Number of protein chains: 2
Amino acid sequence: MRARAGRKGPRPAHSLDDIAREAVALADAQGLAAVSIRAVAAELGAGAASLYRYIASKDDLYDLMVDEVAAEYDLPDEPSGDWIADLTLVAERGRAAYRRHPWAGQLSAGASWGPRVQDYMEFLLAALEPTGLDIPERVDFIALLNNWIANFAQHEIQPVDGDAAAAKARHVESIAADPSRPHLAGAMASLLRTDPADAHPDLLFRRGLDRLFHGIAPR
Amino acid sequence: MRARAGRKGPRPAHSLDDIAREAVALADAQGLAAVSIRAVAAELGAGAASLYRYIASKDDLYDLMVDEVAAEYDLPDEPSGDWIADLTLVAERGRAAYRRHPWAGQLSAGASWGPRVQDYMEFLLAALEPTGLDIPERVDFIALLNNWIANFAQHEIQPVDGDAAAAKARHVESIAADPSRPHLAGAMASLLRTDPADAHPDLLFRRGLDRLFHGIAPR
DNA sequence: GCCTACTGCGAACGCTGTATGCAGTGTGCG
DNA sequence: CGCACACTGCATACAGCGTTCGCAGTAGGC
């Protein structure tokens, strides 16, 4: 969406896509905190200040990263008309994308929409037409779905070992051992027990999606 | 949860609650970005490094802030048994809290649970018992509900005027004027049209909650 | 062939979170 | 009673951050 400037002077040495790709690669490899202007510039073989010829701010860079990830959805031009199938497709693509880019959940909330995110929104708004939801409800539900998927993928992987993870584990164990909040203690204990990722995440994912579509009320 | 140290030496000049309160006030008044160690310390009339006698890191401070906000829920000791009523109560308290503290949504995702957050979890886990959901589903749904409420409250207030807001508005208008994505253009146009906050947010809130409980499938 | 819009970027500014070391304090113990 | 020492507050420093400024160099349009 940038205004292509007049075409005098030297050709830009990089492109927005280059920058976005490099930033995404950096975040994938070393976490979102490793994405600094200087680091991205260095990865491109450029000086730090040079990046500001392409982006206006760091938030701008974040927007580019989100749009880059949105490209991975690669959705069909038109929804099929079966809204459950359409949303399931989006959800599966999203789950895969968030597994590849766990940091994306933090950015997608506040980002302004690039062209690929707009394609994503367009598809989902159209896919939700058969539900009869009005526009604000659809927008609301899309955000809800997106958050749920990001959250699911986040907990699905949770690789980051180290001292912070150990502290977290000790914290969970202390909660599980605290009898003053029995429901919470039971929940933490059961989460600790079934940790080894055997819980068939595919099944959990489908079940969660079904709850989103049909609600949590007992049927 | 801090180990109360041996009681030699001078009394600490501040308390964790003081610190949390000051940090929350700062975030409320000037946004989350204004919460820096130095700023909080200055507000307390202390030196910057002094805060590290109370907290271990900035994330630790964030945890305190989240727990401080969680205290505002002030939930009953036991859920009533009517899970819809219980969840509605939590949702309304949450909505009020997130309206007072719009920044809390960004922190609540990654924070580790202090005692007040644990009380909140305990209540909700118990409240969800009548639904028959298993433990992981309940935890999942609680996160979903929390995200939805934070998101709702965020869009409900959106006060922050200035140049960033103006740029965002221009962006939305350009999307509304782009015919290549008709559903999205229609959605943005309709959002622009009904902007003046007349849309009875209470009604929207209740309707959204109902969708969470009963799903979005046409009935 | 020059004017000029453009690019890349070294250097600097003000800010951040955090580590270190030291002076001062007051309680518990000998 | 007095001293040892665990404890507090904090000045200072460090590395890194996002961002700005100004300048050198490049190349298309007239």
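The values are calculated or read from the model by the stated rules, or taken from the named source; none is laboratory data. None of these values were measured; they are calculated from a predicted model. Ideal geometry is used to build each Cβ from the backbone, glycine not excepted, and the neighbour counts take in all protein chains shown.
Things to note:
For every residue, the table says whether it meets (1) buried (at least 19 other Cβ atoms within 10 Å of the Cβ); (2) outside any helix (DSSP H, G or I).
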{"position": "B:ALA126", "(1), (2)": "yes, no"}
{"position": "B:PHE152", "(1), (2)": "yes, no"}
{"position": "B:HIS155", "(1), (2)": "no, no"}
{"position": "B:ALA164", "(1), (2)": "no, no"}
{"position": "B:ALA169", "(1), (2)": "no, no"}
{"position": "B:GLU173", "(1), (2)": "no, no"}
{"position": "B:ASP178", "(1), (2)": "no, yes"}
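- Flag for B:ALA41 being of a type in the set (Gly, Ala, Ser), within 10 Å of DNA strand C (Cβ to nearest atom) and either under 29 Å from B:GLU122 (Cα atoms) or part of a helix (DSSP H, G or I) (or both): yes
- Answer from A:GLU122, A:GLU129 - the residue that is closer than 30 Å to A:LEU26 by Cβ and either in the same structural domain as A:ALA27 (by TED's automatic domain parsing) or not aromatic (Phe, Trp, Tyr) (or both): A:GLU122
- Residues (within 15 Å of the chain's Cα centre (by Cα) and in contact (Cβ under 8 Å) with a residue 24 or more places away in the chain) located in the range A:115-124: A:ARG116, A:VAL117, A:TYR120
- Checked against (1) under 23 Å from A:TRP148 (Cβ atoms); (2) of a type outside the set (Lys, Arg); (3) touching a Gly at 6+ places or on another chain (Cβ under 9 Å), B:GLU68 passes all but condition (1).
- Looking only at the range A:72-89, and only at residues there that are more than 14 Å from every other protein chain (Cβ to nearest Cβ) and closer than 20 Å to A:LEU144 by Cα, the one that is farthest from DNA strand C (Cβ to nearest atom): A:LEU89
- Taking the conditions (1) farther than 18 Å from A:ARG181 by Cβ; (2) modelled with pLDDT of 95 or more; (3) away from every other protein chain (no Cβ under 11 Å) in turn, B:ALA150 satisfies each one other than (3).
- One residue stands out among those in the range A:47-66 that are assigned to a loop (DSSP other than H, G, I, E, B) and buried (at least 18 other Cβ atoms within 10 Å of the Cβ): the one that is farthest from DNA strand C (Cβ to nearest atom), which is A:ILE55.
- The residue pairs whose first member lies in the range B:14-34 and is within 14 Å of another protein chain (Cβ to nearest Cβ), whose second member is away from DNA strand C (no atom under 15 Å from the Cβ) and of a type outside the set (A, V, I, L, M, F, W, C), and whose beta carbons are closer than 9 Å, counting only pairs six or more residues apart or on different chains, are B:GLY31/B:PRO102; B:LEU32/B:PRO102.
- Output for the range B:67-101, where each listed residue is surrounded by fewer than 21 Cβ atoms within 10 Å (Cβ to Cβ), assigned to a loop (DSSP other than H, G, I, E, B) and on the phi < 0 side of the Ramachandran plot: B:LEU75, B:PRO76, B:ASP77, B:GLU78, B:SER80, B:ASP82
- Test: B:ALA111 is more than 16 Å from DNA strand D (Cβ to nearest atom), outside any helix (DSSP H, G or I) and surrounded by 12 or more Cβ atoms within 10 Å (Cβ to Cβ): yes
- Any hit, the range A:100-113, residues being within 16 Å of DNA strand C (Cβ to nearest atom), out of contact with any Ser or Thr (no Cβ under 6 Å at 6 or more places or on another chain) and within 13 Å of chain B (Cβ to nearest Cβ): no
- A:VAL69 being away from DNA strand C (no atom under 16 Å from the Cβ) and either away from every other protein chain (no Cβ under 14 Å) or closer than 11 Å to A:ILE19 by Cα (or both): yes
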